[in-house]
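J.: Have a look at this one.
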Amino acid sequence: MDESLESTPPANGGDASSSTPKKRLTGNHTRHLLAFVGWWSNNLPTFNTLAFLVGSIAFIILSEVVRAKRKPLIQTFSDDLNPSCTDFGNSAAEQRFAIDLAFGNFTFTQAKIIDATWDTVVGQGGRLLHGWILYCCIIYPLLVLAMEISTVTYPYYVTLSFSKASFETLIQALRMLPMTKSYSVLLCSVLLIYTLVYTLFFPLIWGTSTGYLSLSHKLYAMPGGDVIPLNSENLSLCWVLDPNKLGIPTRHVEIGPNFSTILSNHRVLSHNRNDVCLNISSPGWPAWSKYNMRYDAGGWRFESEGSSIWDFLVGGMEQSSENFMNIQSYALTRQFLQIGLNASGWVDSRTETTLNDTLVNDNGPVTLNWFGVGDYNKSQCNNISQYGLHPTLRAVTLQTQGRRDISNVVNIPPYNESTLREDYYWSPFSLDRSVHLGPGIIPYNSTIRLNQSLFHLDAPFLDIGFNCSKSSTFSSLGNCVCYDRQPISPDLLSNDRAICNTAPGYVWGFSSYLTRVGLILEAVWMTCCFVAYPWLLYRGKLLRTEPVKSAKVMRLLLDCSESIHNDIGPDVQYLREEEILKKLKNLKIGYYMDETEGRRRCRVAAGLKVNGFSERLSEADEALYKVTFPIETKISKGAQRIETFVDKTAPVANRMVNHPIHSAMNEWLGSRIAAWRSYSFSGKRKPTVNEVYEDTNWRF
């Protein structure tokens, strides 16, 4: 055998004879040719790769379907707006666990069995399925590639071979990252780490996304003794206007959308988040600072606050009357003035803010650009510098229904950038010093449109929540709540006044948020397999050959035990576990090609070169290995075609085994292939004709 063939290193403390090439293992072996097999035909990789690609796309689409089909049992982050008695908490993080894709009406036992079955079949079964796929498609191919083009430690080899998709495999993959020098192995190791983490936590992710709860909902006691749910058609938003200001004999009640219409919208109205300038400070020395706020149908609110009922007016606003919409525009203008003139008071009292009576003398109208107009995208706030009332000012006004004057519309961010897409403009206001200041009093003139008529009102602003405008979840804009078209106190709808009515039965379902997260993670898992699986098959040559290609537990166990026996010596059978691990601690192992009595196979050994598997072969081995080149494969196929032609056209000559023409043809073909190999492997020993015949596995 060629001397360039690397021998197994001598055992540490073992026999010196171990440095010589080992004899073949006993038993019957079938010689396998290291023939070229395309990576696309190895264990149906085309089907598997397409399955990973289709799966990743399908799970992304499913995540969008889940978001579209969700029918939440709870509507918001506010306890007051939660129609269910189940307490999922007030924060956004807690609400994400809410069951809002529910099905059926089960008994407690049935719901419990369904939930346990899901955790067992989908949770544990899914983890086992993912682990099996991961081992076949990434773990084992990555182990073979790492040992083919580099070396690995014994713990890495043993763990990936036998522990498969486990926490031990994850730990070994993390430990090998700093020692990995191959970019292919490094990339696939990173993908393996993610896929392992997802596989190990698969039962937790999909178990957390499901649950069951009782069919219970809140009821509220109304004046007159009626008990109704929150989504009753008899409950509605409304405005109650001061009759004295409008010159009418009785108060005017403008009814808006009912709660059944509002709460039937299964999504909260999206809103813009902005860093706006507020003067929340003491009078005399204002300190303007930016605060994270949002603007929606209910006006301005701090981002940290819970939602109000105005957030649900996705479709209800279009169904509201023109008067209702116009009064809402009036209420928004009122709120803009309160924030601009006394932000600190608005933070504490909202619609009941009392303005400061300090008069500020200005040379001209002051623009209330407290939201940072002109410096919207800058870090500094450029606003009015004095705190108090201004004789004349300009403030943002929302155009009312029935009065659409495009010429007055001004681009005022962030208003025109909101999802409401309304038209805003600057409107002048004049101060009336004779007005006595109090909660909710705005001492400026105003304009409101009702019944298609424009009312120019002297100061103060019109009371639009006459005798009921206590700020709450249901009246955050100064509006009222009406039952049977009559205003009621918002306190009647507070969470403290709710009566829990537990209906018989349980529902089982999913949290739409956690389900979408799981589907997206599953899509990423599929994508990682889609990237790593074909690349490992394409990059690794040993994955195309037997017995490495189809190695299972017994084959891997045999290779591992043989390598350990060679590295430690025959005394390994007398050593304890700790002693064996100590001797193997610093050894790096990899695959090399071994030949014994004309039989070849890949073996595991320590002390190998790290420049790649092909560098570990002798010249004869490399000549055999290079037969996988496509050009040589074509030569072999061409020779087979010639042989078939001769068999058909010259049957007589074909039976003459020792015919001179036959021998000459063999010599000529052998010399052509040998010449090509000599060119391909310049600087190395030329293979003989017999070696070429053996490599290409054909003879005439």
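The values are calculated or read from the model by the stated rules, or taken from the named source; none is laboratory data. What you see is a predicted model, and the numbers here were worked out from it, not measured in a lab. Backbone-built Cβ (ideal geometry, glycine too); neighbour counts: all protein chains shown. Accessible surface areas use protein heavy atoms only, side chains included; no ligands, DNA or RNA. Shrake-Rupley method; radii C 1.70, N 1.55, O 1.52, S 1.80 Å.
J.: I need the full set of residues from segment 562-588 which are assigned to a helix (DSSP H, G or I) and farther than 13 Å from Ala606 by Cβ, in order please.
T.: Result: Pro570, Asp571, Val572, Gln573, Tyr574, Glu577, Glu578, Glu579, Ile580, Leu581, Lys582.
J.: If you go through segment 486-501 one residue at a time, do you hit one that is of a type in the set (Ser, Thr, Tyr), outside any helix (DSSP H, G or I) and over 30 Å from Arg251 (Cβ atoms)?
T.: There is no residue in segment 486-501 that is of a type in the set (Ser, Thr, Tyr), outside any helix (DSSP H, G or I) and over 30 Å from Arg251 (Cβ atoms).
J.: Looking for something hydroxyl-bearing (Ser, Thr, Tyr), in a loop (DSSP other than H, G, I, E, B) and at pLDDT 85 or above - is there at least one such residue anywhere in segment 531-541? Write out each step before concluding.
T.: Taking segment 531-541 and keeping what is hydroxyl-bearing (Ser, Thr, Tyr), we get 533, 538.
Narrowing the set further to residues that are in a loop (DSSP other than H, G, I, E, B) leaves none.
Within segment 531-541, not a single residue is hydroxyl-bearing (Ser, Thr, Tyr), in a loop (DSSP other than H, G, I, E, B) and at pLDDT 85 or above.
J.: Only one of (1) within 19 Å of Cys136 (Cα to Cα); (2) open to solvent by 30 Å² or more (accessible area, probe 1.4 Å); (3) of a type in the set (Val, Ile, Thr) fails for Ile580. Which number is that?
T.: It is condition (1) that Ile580 fails.
J.: Additional query: Filter the helices (runs of 4 or more DSSP H) completely within segment 128-233 down to those with at least 1 residues that are surrounded by fewer than 15 Cβ atoms within 10 Å (Cβ to Cβ) and out of contact with any strand residue (DSSP E or B) (no Cβ under 6 Å at 6 or more places or on another chain).
T.: Helices (runs of 4 or more DSSP H) meeting the threshold: 167-176, 183-200, 202-208.
J.: If you scan segment 320-337, which residues turn out to be farther than 17 Å from Glu352 by Cβ and among the hydrophobic types (A, V, I, L, M, F, W, C)?
T.: Phe324, Met325, Ile327
J.: Quick test for you: out of Val524, Val548, Val507, Val517, pick the one residue that is under 30 Å from Val604 (Cβ atoms) and either open to solvent by less than 10 Å² (accessible area, probe 1.4 Å) or aliphatic (A, V, I, L, M) (or both).
T.: Among Val524, Val548, Val507, Val517, only Val548 is under 30 Å from Val604 (Cβ atoms) and either open to solvent by less than 10 Å² (accessible area, probe 1.4 Å) or aliphatic (A, V, I, L, M) (or both).
J.: Tell me whether segment 609-627 contains one or more residues that are closer than 29 Å to Lys164 by Cα and at pLDDT 55 or above.
T.: Yes, segment 609-627 contains a residue that is closer than 29 Å to Lys164 by Cα and at pLDDT 55 or above.
J.: For the structure I just gave you, tell me whether Gly465 is among the small types (Gly, Ala, Ser), over 22 Å from Ser320 (Cα atoms) and in contact (Cβ under 8 Å) with a residue 24 or more places away in the chain.
T.: So Gly465 fails the test.
J.: Now for a different question. Select from segment 428-450 the residues that are surrounded by fewer than 16 Cβ atoms within 10 Å (Cβ to Cβ) and under 14 Å from Phe336 (Cα atoms) and list them in ascending order.
T.: Listed by number, the list holds a single entry, Pro428.
J.: When you look at Asp491, is it closer than 27 Å to Leu215 by Cα and without any contact (Cβ under 8 Å) to a residue 12 or more places away in the chain, yes or no?
T.: In short, no.
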